[in-house]
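Here the structure is laid out as structure tokens; the discussion comes afterwards.
The values are calculated or read from the model by the stated rules, or taken from the named source; none is laboratory data. Since we're looking at a predicted model, the values are computed, not measured. Note that we place each Cβ from the backbone using ideal geometry, even for glycine, and neighbour counts take in every protein chain shown.
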């Protein structure tokens, strides 16, 4: 597409510089289907090389800096984002069609700056490094930064998981690593505004020029080269399974860690007692959870498992009414619309039926009718893989089992998911069913919920926004939650008989902050190592 | 090779049963080069299937058991090994040629049972699970067992890293997982004796029959299938890089975690002040470290980096004398002998020279003369990859740099290693050199030592027996050290709004042991959650 606008520069080695791009692209306004004005570069491998060299240089300096310096950068950056909140939210709205209020400006932006501030506090405090001191053997160890981190952000959180401001970014920086951010191509303008503030904050904090860099787009091949490059310490990726698994294969072959957050259908089990007790309330919670943000959450409840009976029939009818009555949200992109339609078709081919006659909105904007599909557990069990097709967006599959045994069979063939929820009676009528189903569900999800839809992902130290493969690349780590998300971007450094003054401050006898939790001879404490 | 002895049974699903093996093999006595009597089976995939099913069934039961039951098994198993120590050490000597005393019976066997007991204590105490409680959000999480673990043990530790008794085994079991042990084929008899005691201890502890299983050998293809099987939770592997990387590729493609401990040359930097101060003492330490166990340690000091000068020349001459004077140990197998000779040849081809005329012992036993090779840093830098060939056994490469800058260049091109050591003057004469070299070395090793050879690997909670790829598959985890080695075989389980009585005991308000360390609202404590 021809355009007269100038192509935006990339942020490499601390300078906004013209890209030696191989081609350019434009973002699209999802509300109109029309391209937006600004032109963004697709970087070449040469540009990646320069970014990698700058990141490696930055890392060599960062390793020697006190974590307070990094914390001050994160706080200053958060302040700057807050100061420019209105402009950033407006741009994000233009590029994603997500509402400015409450979503972008009142929820996601404060979450983003909150994460940056929490990450700053975690970096300063240092407990995330799990310092372990064995005074008898004089062996000491702690987690240490792993090296430059490449961050690939998703389309659905233009701020809170933006590659240059979101969860992975905050975790990687707070852990002491430079970041090479690869913008999500559906919101390059939002990413640019954030990067402008990041660059200013880097300068203010006097961090090395290559601490934060931004490229807008890479060829698939260059993306795979990037995550496998010797100068890279590790990668955080949130996005589609197909692209993610290609990056994983490349990183794995090079022995480089990569943390992936991929697809998840987030099963929700509704036990009979719960439906009988509070069916309409659950229908309301489910509808809100499923349609919020046009369903474009990784924790969207895409699969509801019910037991056959009149309460279930009534509940489904209730949901249908609510879905019909709810406004149809706009989807993030033509690609999301295409994938959602394809997923619905795939579910239908597997035997699922529409429980409502969808009146597909014929509009310029990207959208699909609110969709509830229905299948029996038997149908599900006949084609379990296809029935687990992720319908990313405002759609969900309701599966009705004849009894608890059949429900257990459905859960038993689920792949790894981020979350699994069970609603049960507040009395003990569902206890047996819960006891039978919970162990099966527990093994297949990262976060298990009771009486709660999965879409709220609190930034809690106890959060697990992760789960068994293929929901993520590793069942052991969370992408949300501070300081829990930081260790992903670290390596274990052990010091054996190293002379006291040569130890990092964190491992010296004196607790450097007086507040850092360290495990000394098996006891977690904030105290100094006792004098002998 | 024809034989009249009966083929040994495998331990599958709690029963010693005849293998439906595809073929058989014999161990070899390294001291004679002759095959030993017993015949062992190469299992088929069908046998793996049965083991996998039994492991999956065992895991379903184990998840519900108190960790005390697992701890009692480990302790009972340790007792049984101690009671049979003499027989086990004798068998291990026959199969490995490692000396019964002090090595096998006085050092390695007590280390093995000590590890099992430490693992029992860790399982019972539960702090390794890093329970994290956010009372405000009512979100709680902890590490939980990951599922059946396949353990592939190495040839060089027939007891302490035996697949059915060693470090990975103890860690996997203590973390609550069943183990499918794949014996190292150089010491199947030792492994059988241990497995006999394990099976008895399983019965005594009333653990599920499939908690511990033993196969002796698999085809490479079946090994790759095993680590990628959906029933497997994860894998621990210690051994050669080539076999390990094939298993890694298979596990990675299936999204299954695999922890590899591969090769390492363990650079030792000897700074001028140290040589001047205590050259002979260091030569003695080095010789002992390099030749102990015929050098067959993953932490064997395979690369010594020195700065040119008369002290270095004297030191090398001293080492030559010591190497010549030291007895030549027996190697573990014909394969180890072959690989060592090939590695020495590869180093020679890269430009390294013998600093002593090797009088290759011409004997029936497997052995190679104690070997010290020498190269300039320039030679090293010309072929850095080939110069890092691991010579597993009683051989080491001494590299002499002209100055500290050149030494830094050598360190900068090192691959990931388990350890790196620096010897320096006890005064401050080596401080500048240390400051220049340490950051480069630090990034390339898991454990950094001062004034100490790397071969002692203490079972300490602060130990890191791990390091950057390709020394291991992940720089974040250690294979030695309890409880530090346990989290490898776990997944993060989060409970969001889950009703109190449904939480695992570890996450309930009351601290289940009164001693488990938990992080409650950011504070590590052994206390209960405070009543509101």
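Being modelled with pLDDT of 95 or more, over 21 Å from residue A:135 (Cβ atoms) and buried (at least 24 other Cβ atoms within 10 Å of the Cβ) is the requirement here; does residue B:424 meet it? Judged against the criteria, residue B:424 is a match. Just one of the listed residues (A:244, A:309, A:329, A:293) is crowded, with 18+ Cβ neighbours inside 10 Å and at positive phi, namely A:293.
Restricting attention to the stretch B:436-454, the residues being farther than 13 Å from residue A:142 by Cα and over 18 Å from the mean Cα position of the chain (by Cα) number 12. When the stretch A:455-483 is limited to residues that are without any contact (Cβ under 8 Å) to a residue 40 or more places away in the chain and over 13 Å from the mean Cα position of the chain (by Cα), the one that is surrounded by the most Cβ atoms within 10 Å (Cβ to Cβ) turns out to be A:462.
Take the residues of the stretch B:507-524 that are out of contact with any helix residue (DSSP H, G or I) (no Cβ under 6 Å at 6 or more places or on another chain) and buried (at least 18 other Cβ atoms within 10 Å of the Cβ): which is farthest from the other protein chains (Cβ to nearest Cβ)? Going through the qualifying residues, I end up with B:511.
Residues in the stretch B:91-129 that are crowded, with 20+ Cβ neighbours inside 10 Å and outside any helix (DSSP H, G or I): B:97, B:98, B:126. Set side by side, the residues B:410, B:422, B:457 differ, and just one is over 30 Å from residue B:123 (Cα atoms), more than 7 Å from chain A (Cβ to nearest Cβ) and either part of a helix (DSSP H, G or I) or out of contact with any helix residue (DSSP H, G or I) (no Cβ under 8 Å at 6 or more places or on another chain) (or both), which is B:410.
Pairing residues of the stretch A:441-454 that are at the interface with chain B (Cβ under 8 Å from one of its Cβ atoms) and on the phi > 0 side of the Ramachandran plot with residues that are surrounded by 24 or more Cβ atoms within 10 Å (Cβ to Cβ) and modelled with pLDDT of 95 or more, at Cβ distances under 6 Å and at least 6 apart in sequence or on separate chains, gives A:451/A:423. Between B:181, B:144, B:150, the distinction of being within 14 Å of chain A (Cβ to nearest Cβ) and outside any helix (DSSP H, G or I) belongs to B:144 only. Which of the residues belonging to the stretch B:224-241 are buried (at least 22 other Cβ atoms within 10 Å of the Cβ) and either facing another protein chain (nearest Cβ under 10 Å) or in a helix (DSSP H, G or I) (or both)? Answer for the stretch B:224-241, where residues must be buried (at least 22 other Cβ atoms within 10 Å of the Cβ) and either facing another protein chain (nearest Cβ under 10 Å) or in a helix (DSSP H, G or I) (or both): B:226, B:227, B:233, B:234. Taking the criterion of being surrounded by 15 or more Cβ atoms within 10 Å (Cβ to Cβ), assigned to a loop (DSSP other than H, G, I, E, B) and within 14 Å of chain A (Cβ to nearest Cβ), the only residue of the stretch B:36-64 that qualifies is B:63. Counting only residues that are more than 31 Å from the chain's Cα centre (by Cα) and touching a residue at least 60 places away in the same chain (Cβ under 8 Å), the stretch B:403-424 holds 2 of them. I'd like the residue in the stretch A:425-440 that is outside any helix (DSSP H, G or I) and touching a residue at least 60 places away in the same chain (Cβ under 8 Å) and, out of all such residues, is nearest to the other protein chains (Cβ to nearest Cβ). Only one residue fits best here, namely A:426.
If you go through the stretch A:14-26 and keep only what is in contact (Cβ under 8 Å) with a residue 24 or more places away in the chain and touching a strand residue (DSSP E or B) at 6+ places or on another chain (Cβ under 7 Å), you end up with A:19, A:21, A:22, A:25, A:26.
For the stretch A:343-367, the tally of residues that are outside any loop (DSSP other than H, G, I, E, B) and within 13 Å of residue A:394 (Cα to Cα) stands at 2.
Screening A:247, A:260, A:275 for residues that are closer than 24 Å to residue A:479 by Cβ and part of a helix (DSSP H, G or I) leaves exactly one candidate, A:247. Restricting attention to the stretch A:8-25, the residues that are over 7 Å from residue A:42 (Cα atoms) and either at pLDDT below 95 or assigned to a loop (DSSP other than H, G, I, E, B) (or both) add up to 7.
Looking across B:207, B:262, B:247, one residue alone is touching a helix residue (DSSP H, G or I) at 6+ places or on another chain (Cβ under 7 Å) and away from every other protein chain (no Cβ under 14 Å). It is B:207. Residue check: residue B:492 meets all listed conditions (1) part of a loop (DSSP other than H, G, I, E, B); (2) more than 30 Å from residue B:379 (Cβ to Cβ); (3) facing another protein chain (nearest Cβ under 10 Å) but one, namely (1).
When B:265, B:282 are checked against the criterion of being closer than 22 Å to residue B:404 by Cβ, in contact (Cβ under 8 Å) with a residue 60 or more places away in the chain and surrounded by fewer than 23 Cβ atoms within 10 Å (Cβ to Cβ), B:282 stands alone in meeting it. The set of residues from the stretch B:210-222 being part of a helix (DSSP H, G or I) and in contact with a helix residue (DSSP H, G or I) (Cβ under 6 Å, 6 or more places away or on another chain) comprises B:210, B:211, B:222.
The residues listed here are A:126, A:114, A:136; of these, the one that is within 14 Å of another protein chain (Cβ to nearest Cβ) and under 17 Å from the mean Cα position of the chain (by Cα) is A:114.
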